[in-house]
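Working notes, beginning with the structure itself.
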Amino acid sequence: MADESAAKFTATLDLDEPRLIEAEAYGPLGQPQAATRVLSTQWVVPGRGISGGDGWVLDLPGFVVDVLAPPAHIRLPAETTEVDLRANVVMMCGCPIDPKGLWDADKLEVKAIVKRNGERVADLDLSFAGETSQFATKVPVEAPGDYEIIVFAHDPRNGNTGVDRTTFIASKG
């Protein structure tokens, strides 16, 4: 699990008796819509380290979901009947997702909840779009209004989940 490319923190504590230590991690900082926080506690005894194996591992579960299209709050022309929805989905560690890959796109649920003027109007499946970590579908635009699209990725095998959202405005004809 741990290698030279993994994030790590090393500390030496001057302890005279056992202490319950608390560690907290928050991230990823570059994708705030996906950021989660994990908190862990562990007893540490003087003269005994936690350096065996991978040490003390803090796991940030989930996916980084980043809606690529449509861009937020775009105003669509009145004649628009559908809009392309595209999202990038990666593991929190940044690992790519591909069909039949180590992180298998075929085993994930990537879906969109579509709301118009605050009312849910559609639930759509996004499919692997042919590029690593990319999922896409078409969103029908059946009436004018303010649209919100909530995209989520979920792995039913372990519960990993990630969410992002975007909005667009469909003009009146």
Q: Consider LEU124 carefully, then state whether it is surrounded by 14 or more Cβ atoms within 10 Å (Cβ to Cβ) and aliphatic (A, V, I, L, M).
A: yes
Q: Report yes if GLY159 is under 16 Å from the mean Cα position of the chain (by Cα) and exposed (fewer than 14 other Cβ atoms within 10 Å of the Cβ), otherwise no.
A: yes
Q.
Where the second residue is among the aromatic types (Phe, Trp, Tyr) and the first is outside any loop (DSSP other than H, G, I, E, B) and lies in the range 90-104, which pairs have Cβ atoms under 8 Å and are six or more apart or on separate chains?
A. VAL90/PHE63; MET91/PHE63; MET91/TRP103; ASP98/PHE128
Q: Taking only the range 51-72 into account, find how many residues are of a type in the set (D, E, K, R), more than 30 Å from PRO144 (Cβ to Cβ) and surrounded by 13 or more Cβ atoms within 10 Å (Cβ to Cβ).
A: 0
Q | Set PRO46, PRO61, PRO71: member being assigned to a loop (DSSP other than H, G, I, E, B), without any contact (Cβ under 8 Å) to a residue 40 or more places away in the chain and touching a strand residue (DSSP E or B) at 6+ places or on another chain (Cβ under 9 Å) | A | PRO46
Q.
Filter the range 13-37 down to the residues that are touching a Gly at 6+ places or on another chain (Cβ under 9 Å) and either assigned to a strand (DSSP E or B) or loosely packed, with under 10 Cβ neighbours inside 10 Å (or both) and list them by number.
A. THR36, ARG37
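Working carefully through the options ARG48, ARG75, find the one that is under 30 Å from THR167 (Cβ atoms) and either surrounded by fewer than 13 Cβ atoms within 10 Å (Cβ to Cβ) or assigned by TED's automatic domain parsing to the domain that holds GLY159 (or both).
On the way: ARG48 fails: under 30 Å from THR167 (Cβ atoms).
Unique residue meeting the criteria: ARG75.
The values are calculated or read from the model by the stated rules, or taken from the named source; none is laboratory data. Computed from a predicted structure; not experimentally measured. Cβ atoms come from the backbone with ideal geometry, glycine included; neighbour counts cover every protein chain shown.
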